[in-house]
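This is the structure, below, for whatever I ask next.
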Amino acid sequence: MLRSASATTEMLLMPPDGFTTQCRNFPKYREMPRDDDVKRRRSRHPGREIEGYLWEKKKSRMKGLYCKLDEAKELKFIIQETSIAATVGDHQVKVQVKGCSLSPVDIKLCEDLKLQREHIPVGREIAGIVLQVGPKVTFFHPDDEVVGILPLDAEMSGLCDVVLMDEYNLVQKPEKVSWFEAAGALKDGLKAYTALHTLARMAVGQTLLLLDGASSFGVLTIQLAHYHGVKVLATAISPDDQKFLEQLRPSVGVLESLVARVIGVWDSKADLVDSCLEETGGLGVDIVIDAGVRLYEEEPEVKKHLPHKHDIISLLAVGGHWVTTEDNLQLDPPDSRSLFLKAASISFLNEEVWEASRARQGRYLHIMKDVVEKLSAGIFRPLLENPVPLYEATVSMEMVQRRQVRKRVVVKL
């Protein structure tokens, strides 16, 4: 039977049977999305181009932020090229990053966990769009908006355009929450939950003393404690911080002050122990979350605003919990005796511990999900700097590492 010229041409251009299946894994071959798939993506996100498909057409090489130790044993941050694996693992998710939060790099922790490498990836808290999922992924689908934390042993920087990570490190991002709020609040929210729920076992009616309440972590901790009916006392290390804390109000519910009392430790006349005992009728506080402590009387000037360990023990109530970030805390026998007489406890706050045990994975995901839900409800209002572009990430990270910024820095991609 005779065919028209156009029909013959169409047959010649059609690939042989099985060609698509055989070549799908070939790196240079990319199958065009079906029309119904295109319509589905456009209908879910009006005005958005098919970002997953556009990414597939790009090269797999991209830039990310890394750090390394120089000859003087100081951290140097550099932007360098890296590549992404061509295949997606069974339980992996390929995410196009929209925002990445910057946190100080803990070199000592990497050394302790035998994760020391020449170039350490920087930026782990990310928010973005799912491009592709592995064959056994059940929690996510392409085009889902997600937020998560890259594990400590991740080889990719969170500032890469696209990252591969396990589905067990991601949760869905509510539509009402921006990319930058989600990325910026995740780690501080996780740390606040770890301190208050997991370690201190907070309960309604208890009293919390939070040191350096005007930090990004401190603000979310105050909001979480107030939400659960805990009375909050907070210290301020400057007059500006004190004014900020005194003006903190919830965005929902009764617009009362979130902090019952702000103690200005910048003022030498303020006595931390006396203020706490006065506020609690001499009973002491139930929970203390520090931002570091002075172990000795003679300490560097930068630690002058920190309380001495004896002060914290003195202001603890019977059965109180001291949650410390001091990884080299040393207690003398009299200190231990005082804690024993009060039946008080000390816990070490390390939010990275969630990745140490698979048995805790479900609780880890539950906490991250709860953090973004509280963001969506307006209960959490993170303390964020304006988003910075990628070309400013190196300078911004140097400031974050030196702890020269009080607010959380998020990079816009």
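The values are calculated or read from the model by the stated rules, or taken from the named source; none is laboratory data. As the structure is a computational prediction, the values presented were derived from the model and not from experiment. Positions of Cβ are backbone-derived with ideal geometry, glycine not excepted, and every protein chain shown enters the neighbour counts.
Could you check the range 328-350 and list, in sequence order, the residues that are in contact (Cβ under 8 Å) with a residue 24 or more places away in the chain and among the charged types (D, E, K, R)?
335, 342, listed by residue number.
Residue by residue, here is whether (1) buried (at least 22 other Cβ atoms within 10 Å of the Cβ); (2) more than 18 Å from residue 104 (Cα to Cα); (3) of a type in the set (S, T, N, Q) holds:
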position: 161; (1), (2), (3): no, yes, no
position: 174; (1), (2), (3): no, yes, no
position: 185; (1), (2), (3): yes, no, no
position: 188; (1), (2), (3): yes, no, no
position: 193; (1), (2), (3): yes, yes, no
position: 202; (1), (2), (3): no, yes, no
position: 206; (1), (2), (3): no, yes, yes
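Here is a check on your reading of the model: is residue 237 crowded, with 22+ Cβ neighbours inside 10 Å and hydrophobic (A, V, I, L, M, F, W, C)? It would help to see each step written out before you state the result.
On the way: crowded, with 22+ Cβ neighbours inside 10 Å: no; hydrophobic (A, V, I, L, M, F, W, C): yes.
No.
Please find, among 339, 329, 349, the residue that is surrounded by 13 or more Cβ atoms within 10 Å (Cβ to Cβ), at pLDDT 95 or above and more than 21 Å from the chain's Cα centre (by Cα). Let's see the steps before the verdict.
Values: 329 fails: at pLDDT 95 or above; 349 fails: more than 21 Å from the chain's Cα centre (by Cα).
Every option except 339 fails the conditions.
Any residue that is farther than 18 Å from residue 407 by Cβ, in contact (Cβ under 8 Å) with a residue 12 or more places away in the chain and in a helix (DSSP H, G or I) - is there at least one of those in the range 173-185?
Checking the range 173-185: not a single residue is farther than 18 Å from residue 407 by Cβ, in contact (Cβ under 8 Å) with a residue 12 or more places away in the chain and in a helix (DSSP H, G or I).
In this structure, is residue 209 touching a strand residue (DSSP E or B) at 6+ places or on another chain (Cβ under 6 Å) and touching a residue at least 60 places away in the same chain (Cβ under 8 Å)? Don't jump to the end; show me each part of the working.
On the way: touching a strand residue (DSSP E or B) at 6+ places or on another chain (Cβ under 6 Å): yes; touching a residue at least 60 places away in the same chain (Cβ under 8 Å): yes.
Taking the combined requirement at face value, the residue satisfies it.
Just checking, which of 233, 277, 245 is in contact with a helix residue (DSSP H, G or I) (Cβ under 7 Å, 6 or more places away or on another chain) and either of a type outside the set (A, V, I, L, M, F, W, C) or assigned to a helix (DSSP H, G or I) (or both)?
Numbers: 233 fails: either of a type outside the set (A, V, I, L, M, F, W, C) or assigned to a helix (DSSP H, G or I) (or both); 245 fails: in contact with a helix residue (DSSP H, G or I) (Cβ under 7 Å, 6 or more places away or on another chain).
Going through 233, 277, 245 in turn, just one is in contact with a helix residue (DSSP H, G or I) (Cβ under 7 Å, 6 or more places away or on another chain) and either of a type outside the set (A, V, I, L, M, F, W, C) or assigned to a helix (DSSP H, G or I) (or both): 277.
Pick from 323, 410, 353, 371: which is within 20 Å of residue 77 (Cβ to Cβ) and either touching a residue at least 60 places away in the same chain (Cβ under 8 Å) or of a type outside the set (Ser, Thr, Tyr) (or both)?
On the way: 323 fails: within 20 Å of residue 77 (Cβ to Cβ); 353 fails: within 20 Å of residue 77 (Cβ to Cβ); 371 fails: within 20 Å of residue 77 (Cβ to Cβ).
Residue meeting the stated conditions: 410.
Something else now. Which residues, taken from the range 62-89, are of a type in the set (A, V, I, L, M) and loosely packed, with under 12 Cβ neighbours inside 10 Å? Full working, then the answer.
Going residue by residue through the range 62-89, those that are of a type in the set (A, V, I, L, M) are 62, 65, 69, 72, 75, 78-79, 84-86, 88.
Those that are of a type in the set (A, V, I, L, M) and loosely packed, with under 12 Cβ neighbours inside 10 Å: 72, 86.
Then there is this: Given the criteria surrounded by 15 or more Cβ atoms within 10 Å (Cβ to Cβ), over 27 Å from residue 108 (Cβ atoms) and in the same structural domain as residue 101 (by TED's automatic domain parsing), does residue 390 qualify? Working first, answer last.
Values: surrounded by 15 or more Cβ atoms within 10 Å (Cβ to Cβ): yes; over 27 Å from residue 108 (Cβ atoms): yes; in the same structural domain as residue 101 (by TED's automatic domain parsing): yes.
For residue 390, the condition - surrounded by 15 or more Cβ atoms within 10 Å (Cβ to Cβ), over 27 Å from residue 108 (Cβ atoms) and in the same structural domain as residue 101 (by TED's automatic domain parsing) - is met.
Just wondering, is there one or more residues in the range 319-333 that are more than 22 Å from residue 235 (Cβ to Cβ) and in contact with a strand residue (DSSP E or B) (Cβ under 9 Å, 6 or more places away or on another chain)? Even if it seems obvious, please write down each step before you answer.
Keep residues of the range 319-333 that are more than 22 Å from residue 235 (Cβ to Cβ), which gives 319, 330, 332-333.
The next check asks that each one be in contact with a strand residue (DSSP E or B) (Cβ under 9 Å, 6 or more places away or on another chain); those that pass are 319.
Yes - at least one qualifying residue is present in the range 319-333.
Now a separate question. Inside the range 250-263, can you point out the residues that are surrounded by fewer than 19 Cβ atoms within 10 Å (Cβ to Cβ) and farther than 18 Å from residue 216 by Cβ? Walk me through it before giving the result.
As a first pass, look at the range 250-263 and keep what is surrounded by fewer than 19 Cβ atoms within 10 Å (Cβ to Cβ): 250-257, 260-261.
Scanning the range 250-263 gives 252, 253, 254, 255, 256, 257, 260, 261.
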